[in-house]
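Only one structure is covered here, and it is reproduced in the block below.
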Number of protein chains: 4
Amino acid sequence: MSKIRLKGVFPPVVTPFKAGGDLDLEAFESNITKWNAYDLAGYLVLGSNGETVYLTEEEKLSLVESALRRKKPGHHVMVGTGMESLRETLSLTNKVARLGADSALVLTPNYYLGAMTDEALIAYFTALADQSEIPILIYNVPKFTHLNIRPEVVRTLSRHPNIIGMKDSTGDIPQMATWLRIVPEDFNLIVGTASAWYPALSLGVRTGILALANCNPKECIEVQSTFDLGDDKTAYEIYQRVFPINTAVTGTFGISGLKYACDRVGFTGGHVRSPLLPLKEEAKKAIDDILAKAGIL
Amino acid sequence: MSKIRLKGVFPPVVTPFKAGGDLDLEAFESNITKWNAYDLAGYLVLGSNGETVYLTEEEKLSLVESALRRKKPGHHVMVGTGMESLRETLSLTNKVARLGADSALVLTPNYYLGAMTDEALIAYFTALADQSEIPILIYNVPKFTHLNIRPEVVRTLSRHPNIIGMKDSTGDIPQMATWLRIVPEDFNLIVGTASAWYPALSLGVRTGILALANCNPKECIEVQSTFDLGDDKTAYEIYQRVFPINTAVTGTFGISGLKYACDRVGFTGGHVRSPLLPLKEEAKKAIDDILAKAGIL
Amino acid sequence: MSKIRLKGVFPPVVTPFKAGGDLDLEAFESNITKWNAYDLAGYLVLGSNGETVYLTEEEKLSLVESALRRKKPGHHVMVGTGMESLRETLSLTNKVARLGADSALVLTPNYYLGAMTDEALIAYFTALADQSEIPILIYNVPKFTHLNIRPEVVRTLSRHPNIIGMKDSTGDIPQMATWLRIVPEDFNLIVGTASAWYPALSLGVRTGILALANCNPKECIEVQSTFDLGDDKTAYEIYQRVFPINTAVTGTFGISGLKYACDRVGFTGGHVRSPLLPLKEEAKKAIDDILAKAGIL
Amino acid sequence: MSKIRLKGVFPPVVTPFKAGGDLDLEAFESNITKWNAYDLAGYLVLGSNGETVYLTEEEKLSLVESALRRKKPGHHVMVGTGMESLRETLSLTNKVARLGADSALVLTPNYYLGAMTDEALIAYFTALADQSEIPILIYNVPKFTHLNIRPEVVRTLSRHPNIIGMKDSTGDIPQMATWLRIVPEDFNLIVGTASAWYPALSLGVRTGILALANCNPKECIEVQSTFDLGDDKTAYEIYQRVFPINTAVTGTFGISGLKYACDRVGFTGGHVRSPLLPLKEEAKKAIDDILAKAGIL
């Protein structure tokens, strides 16, 4: 049985909150409807950019239900279900599976960092994939986990029939090239940052889960579509044009910045939850300038 | 109104699991009863050594109830309640408050590390302390959070009437000296590792939350009691004698090692939960040797 | 006056030592003669792979003289002249200038890391470039310096008429893309590791200073020549085929490994100087296997 | 043959430069004469605080000669002679030996960090100590070298008859306690930062090489003398009083700050060499305030 082959752009969707911090499901669904106008491959719900670590399980499940209800036919809905323990990750994964999610993106556990040896990670993901009712993708994001998965772990796990891919948010292109060399062809290596989108396409990567696709889905898609048509030059130009937006919303200003940019271009970013702080006025001004310079505003 | 003054040794208690991973509440209560034989200041329930990140809320609350039921009169029961969001931390804190917990030890939030500025941490802990029904202590543990709280944050938060102290697990003694200089006298600075227990006492610190006190409560207490009697030499000698055990159970072999050491000396460490791996035979042998060499086995 | 435009592959040449540690100038010159058979752009003498930090000034100057004597007409000879102080760097730079070196590659000073602010780096390189008799290139190599030069420094220094480029050894392709966006067109951005050679070409980078070119000049050159002909597929295939060699000789086994690989393919790597250790037998066997698998042996 | 036993405070002496950057030997000798008025154990010449990495060999030797000429009888003169290679370190060490230096403090080599394994460090220091005409001390300073020497290396090297001690600048007191447990009694463990001076004394350490002793020799000595008299309280009080100065001159403002503080209290700090920048006016003001607050100005 072969693995699902993914291709295209997924936004790791933001989770809008109301002023008091309550979940704004209506805004969330409205965003999905608007994103449906673009040629996206699907959605990642409950990713890092969705402030997942701030949500209760009940909130998580209601977001998944909303996304599944609003997505277009053919869209792949991936859900971030990684918790620290196998028990809790498996429990959440199978709950979203029963709601209809297509796959689960699972963070490397990391709290007891020193104990997360290659052996521990292989045992964890293998046990999870054995028991999960939907396919699993590994989520490598050292920026948040302080753990960078090693080639031997990738090599081993990529051969499990129910582990279909890995999202890598490092932007480390030589590392991506290493993985491309050692995984089977049907394993989906996914780039997790727009800063590496064009270079990843050059290596043969086909899928991007890009925070920037929350506010700039059109440009993220066009980098790939022009590249696929052989027009490297246009693809590179668009990539460079939106790069400063990506730096602002994923680096400098973080999730508050990303949500503000969403607000500015017609989606609803909404409020963040504490301990995240609301965006300061100078930061708003800086993002406006960056958007204007990129021809977005 | 002055703050509670803590003094003495607290074990950050381990959470025993059965072979299949289920919570072993009976073993947990039996441990408490055994620890009650020593002159401990109380217990920290749901700390890092308690595999808290692997527990459901229901399991957490049952552990707190057990500890409160079994503790001796006069014992202070501190509970680890830090989650990533203010909402969830506050919710859990007030739930354990209503069960009768004396105070809450709250991890610095850290997932969105780049956003955890001094301002964000001050806002978070201030809002939490304002609304918490029990006193709050800050938990600084860069080994797990990758965030080391800065002096200006400590200075500010130490003046909040409902923030009564901070546990520091870095073992960084010059940093502890810096904090001692800038906090009010009624703020409880607590050392969070037996590797710094004797040096911390030399600086005037009075309280230790020491993983080693799970398996060696007697020696941890004696370091302090001999020191308080002016017998530095004996205090130093005991500290150095048990130091290698501490290195083994908190560094080299982690929680699996700590639990095994507990098992070896008459408490019940029990199993760990996945992704933690059970201890290998060589590691068990190494811990046996270290315990024997320290005169414990 | 426009800046020199570099293009092609430069080996950062190894420095062969005799068994007792003495410089083996004869072997060095013989290597140059052999490398001259390939279509290289020139040589980097006294780079990190040349064990420069282990050489006396007299040895350094004799190596530069040898390289200049043996190079082919048209070759560009770049020399690593970075010392910790402006005084010493300037002194060495102008000595090699007078010998006929074409340019100087200057390491970011880094011993007092905390003091190496953007302002300090800008002042240092500006003063150096003002007084140097040959053009300067910046050398960014955090692996050795623990300092990663920031975009604002690159932006400023790239506009100095006597600073003609920068070698970057991070392999960080998104960072390279950022720099490409902010430097003038005549500023030579050079990739400093074969692990990023193909992706850098995809971004428009034209020059590589590649340790791997010591032992595999042919393949390093072919990646670029096939890419320039529009044959991405072959370029990518060669890149992936030699990548494991690069990982071995620049990562896993370091300079001892690189020198051994040189020895195996007909150049003279020779001995290393203490504190570097000679390569162990298992490591030699591992490199033999990697070379064989890549079709080199 | 037993090892020299060191005890007391050594300033790692600053190297004054004139406005244009030339060495100011006169000021250097005048400083020594002034420091002779205090009960110091001797001097460390060519340490990190002496901007050694900015000096030519000729300058280094002239500073050593000056120190030896001006020191008081009984003073121990230790000289920093660590270069990256065994050859150069040995050469410089034996040159200063012939000038009359008492011992050499040798930095762990670190440029090729990945290659500096335990085995490499043991081989390097052993070969050096075998051939050095004066006793060797190891210099562990991860802040500059990014390498923290491991216990097994310390254990092995501390048994070499010509390696008499180690200066540790980490301020890591639990690590110091570990070393105290594993080295022979005649091995001189030296604390290399005033931030850990009082805690180190509490552990039984007897020697400090303290940057702060350049500008506050009196206080550094008094911490130890009062401690030795059993007056912990006064020792601790002085330690805490001068701690903020130490933070300013070794952390916040670096060598420029240390030199300015020297100037302010009657010694000659003098200018720094590029790439170090002269101290800004705000920084001078901040240091003045800190000195005043500590009762020094």
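The values are calculated or read from the model by the stated rules, or taken from the named source; none is laboratory data. Predicted, not measured: the structure shown is a model, and the values here were computed from it. Note: ideal-geometry Cβ built from the backbone for every residue, glycine included; neighbour counts use all protein chains shown. Remember, those area values only see protein heavy atoms, side chains included, never the ligands or the DNA or RNA. Shrake-Rupley method; radii C 1.70, N 1.55, O 1.52, S 1.80 Å.
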B:Glu185, sole failed condition from (1) open to solvent by 10 Å² or more (accessible area, probe 1.4 Å); (2) in a helix (DSSP H, G or I): (2)
For the list (1) touching a strand residue (DSSP E or B) at 6+ places or on another chain (Cβ under 8 Å); (2) in a loop (DSSP other than H, G, I, E, B); (3) open to solvent by 20 Å² or more (accessible area, probe 1.4 Å), I need the number of the one condition that C:Ser62 fails. (2)
Can you tell me which residues in region B:175-193 are within 13 Å of another protein chain (Cβ to nearest Cβ) and touching a residue at least 40 places away in the same chain (Cβ under 8 Å)? B:Gly192, B:Thr193
Scanning region D:261-297 residue by residue, the ones that are part of a loop (DSSP other than H, G, I, E, B) and away from chain C (no Cβ under 14 Å) total 10
Whichever residue in region B:150-174 is away from every other protein chain (no Cβ under 13 Å), in a loop (DSSP other than H, G, I, E, B) and touching a Ser or Thr at 6+ places or on another chain (Cβ under 8 Å) and, among such residues, is nearest to B:Ile136 (Cα to Cα): B:Asn162
Does at least one position in region D:200-218 carry a residue that is without any contact (Cβ under 8 Å) to a residue 24 or more places away in the chain, more than 10 Å from every other protein chain (Cβ to nearest Cβ) and not in a loop (DSSP other than H, G, I, E, B)? no
Does D:Gly230 satisfy the condition of being more than 14 Å from chain C (Cβ to nearest Cβ), open to solvent by less than 10 Å² (accessible area, probe 1.4 Å) and assigned to a loop (DSSP other than H, G, I, E, B)? no
Scan region D:204-222 and tell me whether some residue there is of a type outside the set (A, V, I, L, M, F, W, C) and farther than 26 Å from D:Ile32 by Cβ. yes
Report yes if some residue within region B:119-127 is under 20 Å from the mean Cα position of the chain (by Cα) and over 24 Å from B:Ala27 (Cα atoms); otherwise report no. yes
Among (1) within 25 Å of A:Ala292 (Cα to Cα); (2) surrounded by fewer than 20 Cβ atoms within 10 Å (Cβ to Cβ), there is one condition A:Pro217 misses while meeting the rest; what is its number? (2)
Residues in region A:131-141: is at least one buried (at least 19 other Cβ atoms within 10 Å of the Cβ), at pLDDT 95 or above and under 23 Å from B:Gly20 (Cα atoms)? yes
Given (1) under 17 Å from the mean Cα position of the chain (by Cα); (2) open to solvent by less than 20 Å² (accessible area, probe 1.4 Å); (3) charged (D, E, K, R), D:Arg273 misses just (1)
For region B:94-128, what are the residues that are in contact with a His (Cβ under 9 Å, 6 or more places away or on another chain) and over 25 Å from A:Gly47 (Cβ atoms)? B:Asp102, B:Ser103, B:Phe125, B:Thr126
Determine which single condition B:Val249 fails, assuming it passes every other condition in (1) open to solvent by less than 10 Å² (accessible area, probe 1.4 Å); (2) within 13 Å of chain D (Cβ to nearest Cβ); (3) free of Cβ contacts under 8 Å to residues at least 40 places away in the same chain. (2)
Checked region C:84-111 for anything within 14 Å of chain D (Cβ to nearest Cβ) and either open to solvent by 10 Å² or more (accessible area, probe 1.4 Å) or at pLDDT below 95 (or both); matches are C:Glu84, C:Leu86, C:Arg87, C:Glu88, C:Leu90, C:Ser91, C:Lys95, C:Leu107, C:Asn110, C:Tyr111
Hey, A:Val79 hits all of (1) out of contact with any Asp or Glu (no Cβ under 8 Å at 6 or more places or on another chain); (2) β-branched (Val, Ile, Thr); (3) assigned to a helix (DSSP H, G or I); (4) under 25 Å from A:Phe144 (Cβ atoms) but one; which does it fall short on? (3)
Tell me yes or no: at least one residue of region B:231-240 is under 30 Å from B:Gly204 (Cβ atoms) and of a type in the set (A, V, I, L, M). yes
State whether the residues of region A:85-100 include one that is closer than 20 Å to A:Ile221 by Cβ and of a type in the set (Ser, Thr, Tyr). no
Among the candidates D:Leu61, D:Leu44, residue that is touching a residue at least 40 places away in the same chain (Cβ under 8 Å) and of a type in the set (A, V, I, L, M, F, W, C): D:Leu44
Could you grab me the full set of residues in region A:20-49 that are within 14 Å of another protein chain (Cβ to nearest Cβ), modelled with pLDDT of 95 or more and either surrounded by fewer than 23 Cβ atoms within 10 Å (Cβ to Cβ) or closer than 13 Å to A:Thr268 by Cβ (or both)? A:Gly21, A:Asp22, A:Leu23
Yes or no: A:Leu258 within 14 Å of chain B (Cβ to nearest Cβ) and open to solvent by less than 30 Å² (accessible area, probe 1.4 Å)? yes
If I filter region D:112-149 down to residues being assigned to a loop (DSSP other than H, G, I, E, B), without any contact (Cβ under 8 Å) to a residue 60 or more places away in the chain and of a type in the set (Val, Ile, Thr), which single residue comes out as farthest from the other protein chains (Cβ to nearest Cβ)? D:Ile134
Being part of a loop (DSSP other than H, G, I, E, B) and either surrounded by fewer than 20 Cβ atoms within 10 Å (Cβ to Cβ) or polar (S, T, N, Q) (or both) is the filter here, so list the residues in region B:50-59 that pass it. B:Thr56
